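Below is one structure, written out as structure tokens; the observations come after it.
Values in this text are rule-based calculations from the coordinates and carry no lab data. Because the structure is a prediction, the values reported are computed rather than measured. Cβ sites come from the backbone with ideal geometry, for glycine too, and all protein chains shown count toward neighbours.
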Amino acid sequence: MVTRFAPSPTGRLHVGHGWSALMAQEMARAAGGAFRLRIEDIDGTRSRPAHVTGILEDLRWLGVDWDGEIMFQSQRLAHYQAALDRLRRMGLLYPCFCTRADIAASATAPHGPEGAVYPGTCRMLDQATRQRRIAAGEPHAWRLDMARAVARTGPLKWVALPFPYSPAPPVPVTADPLAAGDVVLARKDAPASYHLSCTLDDAAMGVTHVLRGSDLFAATHVHRLLQALLDLSSPAYVHHPLLVGPDGRRLAKRDGSIALADLRAEGVDPARLADELRQGRFPVGISLASA
Ligand code: GLU
């Protein structure tokens, strides 16, 4: 078994991240497997080197220790590029020149599990227009033509395992990537989107079991499709509930009050905190969101 924790360095870690990392570590260790760490640091607008240092400090403080080298996405750009080229050659990508405002303004934008689904405006552009706009240096993302991609792979399933983790019985889930629409695979401001980099890296790290928050359940459908298109193995997935604060809102990196760094500054004993988190007991005011 190989599990992983894959934080984005857009802020310091909160208690929920620490809990998630500890669970992924425990899962692997209990099975005699490996627990890996990946830093998802290619979001040029939001990720900061200072947060990388902070995150490593937070994890070490809590007693999370990973096997092998840390994988940094910023060092894997050539792999993302190769995958994009391959999908482009398969005729599955198209350049998208729309701004967020264009998409929001589109009266036809339907809503999917992750908000507005791209209405497909740029999918309709002809080849000459695409080439002209790219040649003119117009900023563009690359989107996956989801209907074509699904037609190519046919029906797919992915394996869901229960939370708390137990090895059996696996539940086959029918993948529904169409609900996500034409997702972005290369962004205007980043060489690869989360969907593409995460899917490639989980495969490159040999991850067999992905444990992550239920906010990424919808993403798993897209990841399964990318695995099929790129001939990658498909890990099993465990989605854990998210933690909420006293106000019932999801913990977020912006809520400084529950950052691991703050608990550390308050003199909290990390070994004790880690023990409690392992048992699913959280600091006062923090609880599991009801499903
Ligand atoms: N980097 C993502 C995040 O911090 C998590 C990615 C994953 O676990 O698949 O939300």
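A count restricted to region 143-160 and to residues that are within 18 Å of the chain's Cα centre (by Cα) and of a type outside the set (Gly, Ala, Ser) stands at 4.
Across region 15-34, the qualifying residues are those that are more than 15 Å from the ligand (Cβ to nearest atom) and not in a strand (DSSP E or B), and the one among them that is nearest to the chain's Cα centre (by Cα) is 26. Taken over region 36-87, the criterion of being acidic (Asp, Glu) and free of Cβ contacts under 8 Å to residues at least 24 places away in the same chain is satisfied by 69, 85. Inspect region 214-228 for any residue being in contact with a strand residue (DSSP E or B) (Cβ under 7 Å, 6 or more places away or on another chain), more than 12 Å from the ligand (Cβ to nearest atom) and among the small types (Gly, Ala, Ser) and give the result as yes or no. The answer is no; no qualifying residue exists. For region 168-203, a tally of residues being in a helix (DSSP H, G or I), over 13 Å from the mean Cα position of the chain (by Cα) and within 14 Å of the ligand (Cβ to nearest atom) returns 1. Does residue 12 meet the test of being touching a helix residue (DSSP H, G or I) at 6+ places or on another chain (Cβ under 8 Å) and part of a loop (DSSP other than H, G, I, E, B)? Yes, satisfied. Out of everything in region 1-12 that is in contact (Cβ under 8 Å) with a residue 60 or more places away in the chain and surrounded by 23 or more Cβ atoms within 10 Å (Cβ to Cβ), what residue ends up being farthest from the ligand (Cβ to nearest atom)? Per the criteria, the residue is 3.
Each residue in region 13-51 was checked for being crowded, with 20+ Cβ neighbours inside 10 Å and basic (Lys, Arg), and 2 of them qualify.
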